[in-house]
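K.L.:
Sharing a structure with you now.
The values are calculated or read from the model by the stated rules, or taken from the named source; none is laboratory data. As the structure is a prediction and not an experimental result, all values here were calculated from the model. Heads up, the Cβs are rebuilt from the backbone with ideal geometry, glycines too, and the neighbour counts pull from every protein chain shown. Heads up: the accessible areas ignore ligands, DNA and RNA and are worked out on the full protein's heavy atoms, side chains in. Shrake-Rupley method; radii C 1.70, N 1.55, O 1.52, S 1.80 Å.
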Amino acid sequence: MSVVSIVGAQWGDEGKGRIVDYLAQRSDLVIRYQGGDNAGHTVVNEFGKFALHIIPSGIFNDECCSIVGAGTVVNFDTMAHELEAIPKQLQENLFIDIRAHLIMPYHCLLDGAEEESRSGHWKVGTTKRGIGPCYSDKASRCGLRAGDLNDPETFRTRLEMLLPKKNRELEFYGLRTFTIDELMEKAETWRERFGAKIIDTLPLIRNAVEDGRNILMEGQLGVMRDLDWGIYPYSTSSNPTSGGACNTGGIPAKALDEVIGVVKAYSTSVGGGPFVTELFDDDGKKMRDVGQEFGATTGRPRRCGWLDAVALDYSAYLNGFTGLAITKLDILDGFEKLKICTAYRINGETYTQLPETRLQEQAKPVYEEMDGWLCPTSSVRRWEDLPENARRYLRRIEELTRTPIRYVSVGPERDQIIVVP
Ligand code: GDP
Ligand code: IMO
Ligand code: MG
């Protein structure tokens, strides 16, 4: 019986969806606590292969309740599209919190235009899903919330206050504007489809916590793109950290039993900003090709590099990881030598703790090298059956993060996992 937070420990795409799908088989509640459909959480199981964007990755357990939490931003058009692929009987226990903010059509247009207006070096590389503009409205306290859909009068009043300002912003970028009527019509479509699923989820969450049920908190993205602690301004607009999970997931910090950091066995990042261990050579190309490192939401090629233990140590501290889930170990099967970055060199100085964004941009990685294992691991299911060099590599990650490894994933499918004794 426990409350477990699943956090991306790097720059996103660590395999959170895959780990949540595995753990959700024994969970009563899964809460996606932040972000929106900028996420692409890949799940491969008996129902098929899915790239989940806003739907919690616990949806495939029909006895588990899936909550799109208070801290999320929701585009109901893309949610409807996403649900088309998911068997109807699995959708019954899906709920959206009344406090989740609505991603409106103008948010998506503004996201694209704001990104266009950033010059080369400063491009964030957003997913153009309207995330930043929607969270901006939330912080300005003019945003529309899911619960407002069920109260059309309030929805109209708030929209009337807001829309002239949004239309001026759209005009500034030379974009199309919106009328109250067309947005009211859209809201009505969303209400008809989702109105009954939009509830105050806190009583449900609170009961589950107080009854000692198994709860999973599913984070979006990773610590390195956290709004406060990530590589600002190349960050997202919410908090993927375990602190964010408590804050927006409706869980008191003291109720959290475990924090599992999901760590890819190497590093990838999609979008702008510093990425100290990025590889531009054949090893990087090999990681991208073998690991199929292309964005699950945008299809963009992901930047690839060696494991960055400086960033991981930072992540372990900030999140208070109680355990790690290492994913994609199998992708390293064909590498003769592996490197782990254990320090940065910046202006002649050595850093073992992660510095702020601008210093990261000037950092050169200091590596230690290890021998690879050069044999397949994807069918291994027991720790003791892993090649010795693979175990050595994993033990080194434990040492550098001072965190025990709980799971090792050796393939995208649900059962391709080693539970570490
Ligand atoms: P998320 O956003 O953190 O859920 O991660 P993504 O789904 O964006 O990216 C992870 C990718 O790696 C997906 O294509 C998964 O199917 C795949 N994947 C996850 N774990 C493993 C693994 O252990 N081995 C292999 N080969 N693929 C994996
Ligand atoms: P999951 O949950 C990887 C990146 C974008 C961009 C920055 C901000 O699948 O790990 P945003 O659209 O949030 O304003 O973009 O964050 N980004 C992701 N990178 N995985 C994701 O989600 C991402 N969501 C956003 O590339 O640099
Ligand atoms: Mg992803």
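K.L.:
May I ask you to work out the translational diffusion coefficient for the chain at 4 °C, viscosity 1.567 mPa s, via Stokes-Einstein with Rh from the Kirkwood sum over Cα pairs, reported in whole µm²/s?
P.N.:
Values: Rh = 22.0 Å.
For these conditions, the coefficient is 59 µm²/s.
K.L.:
Could you tell me the ratio Rg/Rh of segment 263-419? Both radii from Cα atoms, Rh via Kirkwood.
P.N.:
That ratio is 0.95, to two decimals.
K.L.:
In addition: Return the ratio Rg/(2.2 N^0.38 Å) for segment 102-194, where Rg is computed over Cα atoms only.
P.N.:
Values: Rg = 13.8 Å, N = 93, 2.2 N^0.38 = 12.3 Å.
Working it through for segment 102-194, the quotient is 1.12.
K.L.:
Would you mind telling me the antiparallel percentage of the DSSP bridges in the chain, rounded to 5?
P.N.:
About 40 percent, rounded to the nearest 5.
K.L.:
Right, another one. Of LYS16/LYS337; LYS286/LYS339; LYS16/LYS138; LYS123/LYS339; LYS328/LYS364, which ones are farther than 19 Å apart at the Cα?
P.N.:
Working: LYS16/LYS337 27 Å; LYS286/LYS339 14 Å; LYS16/LYS138 26 Å; LYS123/LYS339 29 Å; LYS328/LYS364 25 Å.
Checking Cα-Cα distances, LYS16/LYS337; LYS16/LYS138; LYS123/LYS339; LYS328/LYS364 exceed 19 Å.
K.L.:
Now for a separate question. Per residue, what accessible area does segment 102-194 have, given a 1.4 Å probe and all protein chains present, in Å²? Don't skip to the end; give the middle numbers.
P.N.:
Values: 4860 Å² over 93 residues.
That works out to 52 Å² for each residue.
K.L.:
Report the antiparallel proportion of the DSSP beta bridges in segment 263-419 as a percent, rounded to a multiple of 5. Don't jump to the answer; show the numbers that get you there.
P.N.:
Numbers: 19 of 26 bridges.
Restricted to segment 263-419, the bridges split so that about 75 percent are antiparallel.
K.L.:
May I pose another question? For segment 205-354, what % of the accessible area comes from carbon and sulfur atoms, probe 1.4 Å? Write down the numbers at each step before the final one.
P.N.:
Working: 2610 of 5580 Å².
C and S atoms contribute 47 percent here.
K.L.:
Just the accessible area for THR350, please: 1.4 Å probe, Å², rounded to the nearest 10?
P.N.:
80 Å²
K.L.:
Then there's this: Report the one residue of LEU149, GLN10, HIS101 whose Cα lies farthest in the direction of the positive end of the charge dipole of the chain (charges on C-beta: Lys and Arg +1, Asp and Glu -1; origin at the Cα centre).
P.N.:
After comparing all options, I get GLN10.
K.L.:
Accessible area of segment 26-171 with a 1.4 Å probe: how many percent of it is carbon plus sulfur?
P.N.:
Working: 2830 of 5700 Å².
Using a 1.4 Å probe with all protein chains present, segment 26-171 comes out at 50 percent carbon and sulfur.
K.L.:
Here is a follow-up. What range in the chain is the longest one free of GluC sites (Glu not before Pro) that are in a loop by DSSP and have at most 11 other Cβ atoms within 10 angstrom? Walk me through the numbers on the way to the answer.
P.N.:
Values: sites that count: GLU46, GLU63, GLU84, GLU92, GLU336, GLU356.
My reading of the result: 93-335 is the longest stretch.
K.L.:
Solvent-accessible area per residue for segment 263-419 at a 1.4 Å probe radius, Å²? Write down the numbers at each step before the final one.
P.N.:
Numbers: 6830 Å² over 157 residues.
Spelled out: the 1.4 Å probe surface of segment 263-419, per residue, equals 44 Å².
K.L.:
Another question, then. Nearest 20 debye, what's the magnitude of the dipole of the chain about its Cα centre given +1 on Lys and Arg Cβ and -1 on Asp and Glu Cβ? Can you show the working numbers first?
P.N.:
Details: 50 positive and 61 negative charges, 94 e Å.
For this selection, approximately 460 debye.
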